[in-house]
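The values are calculated or read from the model by the stated rules, or taken from the named source; none is laboratory data. Quick caveat: nothing in here was measured; it's all calculated off a predicted structure. Backbone-built Cβ (ideal geometry, glycine too); neighbour counts: all protein chains shown. With ligands, DNA and RNA removed, areas are computed over all heavy atoms of the protein, side chains included. Shrake-Rupley method; radii C 1.70, N 1.55, O 1.52, S 1.80 Å.
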Amino acid sequence: MGKLFLVPTPIGNLEDITLRAIKVLKEVDLILAEDTRTSGKLLKHFEIATPLQSHHMHNEHQQVNMLIQKLKGGATLALISDAGTPAISDPGFLLTRACVENNIGVECLPGATAFVPALVNSGLPNDRFVFEGFLPVKKGRQTRLKFLAEETRTMVFYESPHKILKTLTHFVEYFGKNRPVCISRELTKMYEETVRGTAEEVLEHFTENAPKGEFVIVVGGNK
């Protein structure tokens, strides 16, 4: 039997990769990457010559059986996403589940992921929290927001720059204008920014300042 390694990659600053991650990526037989162009630059930077194969949300269902056969044949595979830890709002769950079902070893390395520094940096309670990732785009969005309005734990969301104003508007509507919110943008990158305030204040900030980059939104629970 082979083994699947889930390997976190930097979310911005390349120095955030671990020595162990580099070692694993050099030693496995094949690296599965969400976008081979993005990952190719990372591998080149660290002089990693391991073969690279595309594995993303549009082809992961079709590839699972083939990859399981490779693993059963003794191959070692590493799965990486464009940034952060695989399977956290990125591909990885399907292949991991299939490995578990087939008694194939899976090992996830610790490393970079966007929501942890955003949560810790927020100043909001983090002894208990709920990770929501991306909200539904259309169907089920209103139902989810109504449900989360009563959530007492700190909540963590991911959002794109194109939908951030819509999401913050919904937070004001469903959670109330005074709900505490902390937004981390472009974590570990040159233009990293953290904005704290009420839902209304944060919405006003990004209405006046064009939102750019990837966002992690941390929202205080209902009291």
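Brief remarks on what is shown
- Odd one out for G176 among (1) on the phi < 0 side of the Ramachandran plot; (2) out of contact with any Pro (no Cβ under 9 Å at 6 or more places or on another chain); (3) open to solvent by 20 Å² or more (accessible area, probe 1.4 Å); (4) modelled with pLDDT of 95 or more: (1)
- In the stretch 179-223, the residue that is nearest to T113 (Cα to Cα) out of those that are of a type in the set (S, T, N, Q) and in contact with a helix residue (DSSP H, G or I) (Cβ under 7 Å, 6 or more places away or on another chain) is T188.
- Index of the failed condition, V106 passing every other in (1) open to solvent by 30 Å² or more (accessible area, probe 1.4 Å); (2) closer than 23 Å to F157 by Cα; (3) not in a helix (DSSP H, G or I): (2)
- Pairs linking a residue in the stretch 198-210 that is closer than 21 Å to G220 by Cα to a residue that is open to solvent by 40 Å² or more (accessible area, probe 1.4 Å) and modelled with pLDDT under 95, with Cβ atoms under 9 Å and 6 or more positions apart or on different chains, do not occur.
- Qualifying positions in the stretch 1-28 - within 26 Å of F115 (Cβ to Cβ), in contact (Cβ under 8 Å) with a residue 40 or more places away in the chain and exposed (fewer than 15 other Cβ atoms within 10 Å of the Cβ): N13, R20
- Neighbours by Cβ (under 6 Å, 6+ apart or cross-chain): first from the stretch 29-58, touching a residue at least 24 places away in the same chain (Cβ under 8 Å) and open to solvent by 40 Å² or more (accessible area, probe 1.4 Å); second of a type in the set (D, E, K, R) and not in a strand (DSSP E or B): E34/D82; T38/D82; H56/E34
- Odd one out for L94 among (1) open to solvent by less than 40 Å² (accessible area, probe 1.4 Å); (2) within 30 Å of I48 (Cα to Cα); (3) within 15 Å of the chain's Cα centre (by Cα): (3)
- Hits in the stretch 146-173 (condition: open to solvent by less than 90 Å² (accessible area, probe 1.4 Å), under 25 Å from R128 (Cβ atoms) and among the hydroxyl-bearing types (S, T, Y)): T154, Y158, T167
- Within the stretch 118-130, residues that are touching a residue at least 60 places away in the same chain (Cβ under 8 Å) and open to solvent by 30 Å² or more (accessible area, probe 1.4 Å) have Cβ atoms under 8 Å from residues that are part of a strand (DSSP E or B) and among the basic types (K, R) in these pairs: G123/R196, counting only partners at least 6 apart in sequence or on another chain.
- Scanning the stretch 179-223 for residues that are open to solvent by less than 70 Å² (accessible area, probe 1.4 Å) and more than 30 Å from D16 (Cα to Cα) gives R179, T198, A199, L203, G221, N222.
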